[in-house]
Amino acid sequence: MGDRLFGDDGETIELDEVLGEGGEGVVYRVRGTRPRAAKIYAARMSDEQHEKLRAMRRAPPRITTESGGEVALAGIAWPQVVLYRDAARAVPAGFAMARYPAARELHMIFQPGERMVFAGDLTWTDLHELAARFAEIVAGVHRAGHCVGDINARNVLVSIVAQEVVWIDTDSFQIRAADGRIYPCRVACPEYTPPEIERGDAPRTAASDAYALAVLVHQVLTLGAHPFDGIVRGADCTLERRMKEGLTPIAGEGDIAFPPDTLPFGALRPALRALFRRAFVAGTRDPRARPSAAEWASALRAAARGLVRCRAVATHRLSPTWWRPLSFDCPWCASAARTGLDVFPKSGDWPREIARHARPSAAPRPLRERWFDRHVQDRLHAGPGRLSYEEGAWLLHAAATLDLDETYAKKRIAEIAGPPAAPAPPSLPPPAPSPPPAPAPPLPAPVTSWPWPAPSAAPAWMNLAGGLAPLSLAALLVGPPLVDPPSPASVDPSATTWSPPSARSPSARPSPQPPSPPFDVWVRAAGARAVRLRDAPSNAARGTRVRRGAKLAALGEPVIVEGRRWVPIRTPSGRRGWIADADLSRVEPAPARPPRDAPSPRSPSAAPRT
Amino acid sequence: MSNEMLARVSVNILNRERRQPLILLLDASGSMVDKLGEVERGLAAFRASILEDTLARSRVEVALITFGEAVVMHGEFVEATRFSAPPPFAAGATPMAAALLFALDAAREKRAACRAAGIDCFAPWIFLVTDGEPTDLPRWSEAVAAVRDAEETKSAAIFAIGTRDANFERLRQISPGRTIKLRDGGWPTMFRWLSTSLKAKSRSRPGDEVLLDDPRKPDGWALAP
């Protein structure tokens, strides 16, 4: 380091530590008071590269600011100074640009598992604003006559601390020089490339950028789902094929359905849904149909203003619906009930401490330990000892990203969250396949019982291990059998809190045993509201009506979600789901129904169970 | 094969990134006892290296299967941050054919689970490392046929790595193109190579050929066979 380089504006700069390395060259910190970085090319720069940099210097884009004004180069790592190796400025080496400390690549923001580690306090509204911001930057680039070209989630950095979005890799942009010459963009990322761009170095247009931008916006708002993700009926086909053919569930037709467990399309603001349809349904064939970057920016700002707060969890933001302007139908509550993990957890702004570190794993250990403790505390809404399996797994992931070892992490979780309930001894009849050929050796047992080591009092089935065939032993070590019905692990205070997750794919449901034999319940006969059998223990979940007075089978203990008790239910026709405890009775209703408006205190209403 | 176990192959639906599954298929027969330390250090270095890459750690999913006394799948496919290798253990024979068939089943299940969740999935890599030869020869031809079929349909890519004493004739039968002889003490380099290659692969598009660094170059981890 300490290399001296000569800028085209007459200054001399010194390189400091390496910030990153790419295919083309190395990015260094520039010594000095202004936060700047320098990209130095590994190979000798071609004449075209050099001229392109000089053209970029002369034609910087102006970016709209939040207050409505325009500022040159806000949020964009544009070449500010062209650097040379010699004082005569004959051998170009690279360029200097603004540096944004502790910025993260955009994919770390939209993937909840990563975002919650260092930016757990961001809300869905913040994500809208963030998307609006990078749309504004693209709009500024377009106004100057350039194209971004290679739009992808690694080229957008987000600095949580500076509350700024930064577009990097600007030297790959397609640049239109003042004299009208076009310097092409030579790279492309297939997940963001519109169908009309056949090759990576094809000429770009504002419309091809608009397509890629819409993909990125979709990923940010849906926490990572690609607009062409889906379940395809018939033969499997790759994402690139679906993009080429315009096969997207957004179209609402064709052999593709929305992937399960993603944010429902209907949960987006209507204006945004319309823009996505233009971008991917009409826009697949007709580039002119796609909304421009400026349209995205203003629609996203408006959408962010239109979101409301969930009534149950203050950190959830949702789009209100016309039939229920202050809706209880929170997609994030529903998602938490379904997946066991709240992706917008309650937390203060303490994660900003983590966000301030470019590499949290390199922070002093006491800090990392404190952050991890806060993470565990943030997950304890349901009370001590009530972590779901998924929350536990996420916490171990967070520990790994903070470079804390698993043993330590599990110890802290147990200390803060209370001891995990021992996994229920599986209601095995242990499958007894043929015994192993030789006497079983001591196996590397407990560590494999994910995610928690076997409880100190190893249940009897652990000791059976030696007598079982190896493969089924491995199966046992993965965990006890799953509890039917659809994963209430997240919220079930009575269930084993660290029970493994039920496999999510429909094919992957092993023949489960309910924890207790099913018992009969009846839908309460009295009441005016429709009673529904819900897909998940939440009023936000989809439901089908059940007849009042109907006899049903309860499959297990009630669980508490959002302050209500829900009972897992199977109907006589075999359908499964959840019904609120308040709507059920364990006693068969009297055959002669009370008059319709008779008060019901005397109706038989033994509470199901506590 | 134990369907009961494979029924547990699932996918973290909150992570929508494309997946690159990796099955580490490690020999745990009695003769491996001396090399366990190297394997353990290699696995730790492998994990640390994947963890550094914030995108690869969301895309690479690792499952560890050992074959020795028995074929054992240690846990499930997990994202690289959640991967932790069990304490090493070696004893018994080398049921390589059973292990390969099992790994192919696991690979198939993983792809099916991804598909059911609407998540894109690259062809899983099966990284077989052995110091001997299969002892379950009656199933060998079945295993070879299954592996070849998986390679042809691009539903898995098999790397067959042998130490100096391994039976390379057998290894070449399962993976003619990717049979590599491991240099003595080459374990750390091999695992580093694996993580670098996975990082490159996880960024390509499904079906693309990715040029991997040649392990046979002078400072690589392979011996010319």
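The values are calculated or read from the model by the stated rules, or taken from the named source; none is laboratory data. This structure is a prediction, so every number in the text was calculated from the model and none was measured. Backbone-built Cβ (ideal geometry, glycine too); neighbour counts: all protein chains shown.
Among the hydroxyl-bearing types (Ser, Thr, Tyr) and either facing chain B (nearest Cβ under 10 Å) or over 18 Å from residue A:146 (Cβ atoms) (or both): does that describe residue A:238?
Yes: the conditions hold for residue A:238.
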Subset of region B:71-112 (residues that are under 20 Å from residue A:395 (Cα atoms), in a helix (DSSP H, G or I) and facing another protein chain (nearest Cβ under 7 Å)) = B:81, B:82
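Inspect region A:292-304 for any residue being within 14 Å of chain B (Cβ to nearest Cβ) and either loosely packed, with under 14 Cβ neighbours inside 10 Å or part of a loop (DSSP other than H, G, I, E, B) (or both) and give the result as yes or no. I'd like the intermediate steps shown before the answer.
Restricting attention to region A:292-304, the residues satisfying the condition of being within 14 Å of chain B (Cβ to nearest Cβ) are none.
No, region A:292-304 has no match at all.
Here's the yes/no breakdown for (1) assigned to a loop (DSSP other than H, G, I, E, B); (2) among the small types (Gly, Ala, Ser); (3) more than 14 Å from chain A (Cβ to nearest Cβ):
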{"site": "B:127", "(1), (2), (3)": "no, no, yes"}
{"site": "B:164", "(1), (2), (3)": "yes, no, yes"}
{"site": "B:189", "(1), (2), (3)": "no, no, yes"}
{"site": "B:192", "(1), (2), (3)": "no, no, yes"}
{"site": "B:199", "(1), (2), (3)": "no, no, no"}
Looking at (1) away from chain A (no Cβ under 14 Å); (2) more than 20 Å from residue B:163 (Cα to Cα); (3) touching a strand residue (DSSP E or B) at 6+ places or on another chain (Cβ under 9 Å), which is the only condition residue B:119 fails?
-> (1)
Strands (runs of 3 or more DSSP E) (entirely within region A:30-112) containing at least 1 residues that are touching a His at 6+ places or on another chain (Cβ under 9 Å) = A:81-84, A:92-98
First in region A:166-194 and without any contact (Cβ under 8 Å) to a residue 24 or more places away in the chain, second anywhere and assigned to a strand (DSSP E or B) and among the β-branched types (Val, Ile, Thr), Cβ under 8 Å, 6 or more apart = A:182/A:175
Boolean, residue A:278 is away from chain B (no Cβ under 14 Å) and either exposed (fewer than 14 other Cβ atoms within 10 Å of the Cβ) or assigned to a loop (DSSP other than H, G, I, E, B) (or both) | no
Residues in region A:155-211 that are of a type in the set (A, V, I, L, M, F, W, C), more than 20 Å from residue B:54 (Cβ to Cβ) and in contact with a Pro (Cβ under 8 Å, 6 or more places away or on another chain) total 3
Mind telling me which of the residues B:78, B:72 ends up being within 15 Å of the chain's Cα centre (by Cα), under 24 Å from residue B:193 (Cβ atoms) and at pLDDT below 90?
-> B:78
Report, by residue number, each residue of region A:140-195 that is more than 26 Å from residue A:245 (Cβ to Cβ) and of a type in the set (Val, Ile, Thr).
-> A:141, A:156, A:158, A:160, A:161, A:165, A:166, A:168, A:170, A:175, A:182
Kindly indicate the residue of region A:351-402 that is of a type in the set (Asp, Glu) and in contact with a Ser or Thr (Cβ under 8 Å, 6 or more places away or on another chain) and also surrounded by the fewest Cβ atoms within 10 Å (Cβ to Cβ) among those meeting that condition.
-> A:378
Test residue B:53 against the criterion of being more than 9 Å from every other protein chain (Cβ to nearest Cβ), at pLDDT below 90, within 30 Å of residue A:236 (Cβ to Cβ) and surrounded by fewer than 22 Cβ atoms within 10 Å (Cβ to Cβ), and give yes or no.
-> yes
Identify, by number, the condition in (1) farther than 29 Å from residue A:21 by Cβ; (2) in contact with a Pro (Cβ under 7 Å, 6 or more places away or on another chain); (3) part of a helix (DSSP H, G or I) that residue B:34 doesn't meet.
-> (2)
